[in-house]
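Presented below is the structure to which this report refers.
A short reminder: the numbers here are calculations on the coordinates, not readings from a lab. Not measured: the values here are computed from a predicted model. No Cβ is skipped: glycine too gets one built from the backbone with ideal geometry, and neighbour counts run over all protein chains shown.
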Amino acid sequence: MISEYKMSNMNDCTSIKGESLSGNKKENISAPLRLKDQLSHRPLTAMRALRGIVCLIILLSTAFMMIVYWAPVTTLLLRLFSVHYSRKATSFLFAIWLSLWPFLFEKINKTKVVFSGEIVHREERVLLFANHRTEVDWMYLWDLALRKGQLGYLKYILKSSLMKLPIFGWGFHILEFIAVERKWEIDESTMREKLSSFKDPHDPLWLVVFPEGTDYTEKKCIKSQQFAAENGLPILKNSLLPKTKGFFACLEALRNSLDAVYDVTIGYKHRCPTLIDNVFGVDPSEVHIHVQRVLLDEIPISENEAAKWLVERFRLKDELLSGFTTLGYFPNEGTDSDISTLMCLAKCFVILVLTSFFIYLTLFSSFWFKIYVAFSCSYISFATYFNILPSPLFGSAKAWFNAKRKVL
């Protein structure tokens, strides 16, 4: 079994070449893929910077108004009666807002998104695991989910510090992302409690895991290679060795309610982007997303065997990324079409109209709307900070009644 404790301590280090023994076989620690010293695809002009600032203001203002006005209705009032319908309403409303991001990437920034491999089936409950090239990998999975009508049902396992981001942290909580500290002794109970609430097969679910636990850098790659050489594991150049406990916890908790697992590999041309690159549209020129469907029966049930299986998948993923680096594409391209510009514009129009209406109600209408906004901000801040989502009143009453019957 891979040592999670040792792997969690793989920190940055400088690029080196060396060799180590793996059993009786000598293996070279190869140079990782270099991400630095590469020019941006497009220059950051004054017009591009202005456009990016305007887009960011629109994204933040619309997010704030959507959350403040809708979240108390969908995640508090509706949830007191039904978790299922609360999730349906939340997913529907906030998927409209989330669609603004693929619109920004593909239509405004002109980033080409290319899908390859196998086609993701619609209306499946799935677990997706992906390599973690950069800080914005998870945002490009919105492009895939939008095409499948599952944008509002994406749930990520992400580091807890992101929950502190203004506005976005509220959104992560409302959409029920799982926040972790990246220390298994702390995260295990949190993850298992949260995963237990996702078991209802009637609730659509796209749960996304990045098993590497952190985004790729040359320094982290060298540290990962050293660990692999010392423990007889595959030496990867284009990704880090996966941490297996979180992945297995997800699989163990949800196996009986999932339809499939998808192995997703992400590659960028010609430079890995940052969030600022995305906002201003300077990078990337292309995003390539390769999908492989895995049947649940193919994944071992025991934790040790599942860990070995995941490491092997990352070895194959590393080979796939090496081929992408050489050729510039993944095999079997063209599995999904472009998003509809007209549909994106229609959703953007709806969001802008709603936001304008909410701003009017807040600033120029009844005083009670100001009270509502103040209450909403206070409630969402409190709920996000303490990671609280209400339980249905009917369910609580039923549990209390059953407990009383047992006593009697």
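Brief remarks on what is shown
- The helix-based estimate of mean residue ellipticity at 222 nm for the chain, built from -39,500 (n - 2.57) per DSSP H run of four or more residues and divided by its residue count, is -15500 deg cm²/dmol to the nearest 500.
- Least to most buried among F227, F349 (fewest other Cβ within 10 Å first): F349, F227
- Ranked for footprinting exposure by Cβ neighbours inside 10 Å, fewest first, K183, K223 give K183, K223.
- Nearest-0.05 FRET efficiency for F81 and S196, computed from C-beta distance (R0 30 Å): 0.90
- Computed from Cα positions, the angle between helix 245-254 and the longest principal axis of the chain comes to roughly 50 degrees.
- For M47, M66, M163, order by how many other beta-carbon atoms lie within 10 Å, fewest first: M47, M163, M66
- Rounded to 10°, Cα long-axis angle of helix 393-407 versus longest principal axis of the chain: 80 degrees
- Taken along the Cα-to-beta-carbon direction at a fixed 7 Å, the label points for I58 and Y379 span 3.0 nm.
- Note: relative contact order over the chain, using C-alpha pairs below 8 Å and six or more positions apart, is 29 percent.
- Applying 0.36 nm per residue to the separation of M47 and L296 and subtracting their alpha-carbon distance, the gain on full extension is 84.7 nm.
- Inter-probe distance in nm under a simple model that places probes 7 Å from Cα toward Cβ, at L345 and E319: 4.7 nm
- Two-site FRET efficiency, I108 against K183, from Cβ-Cβ distance with R₀ of 35 Å, rounded to 0.05: 0.35
- Compared with the alpha-carbon gap, the fully stretched path from E230 to Y360 is longer by 40.5 nm at 0.36 nm per residue.
- Taking other residues whose beta carbon is less than 10 angstrom from the beta carbon of I339, and scoring Lys, Arg as +1 and Asp, Glu as -1, yields -2.
- Applying 1/(1 + (r/R0)^6) with R0 = 25 Å to the Cβ-Cβ distance of I276 and T214 gives a FRET efficiency near 0.85.
- Angle in degrees between helix 341-364 and the longest Cα principal axis of the chain, rounded to the nearest 10: 50 degrees
- For the stretch 269-408, the number of Lys pairs separated by eight or more positions or lying on different chains, with C-alpha atoms closer than 27 Å, is 4.
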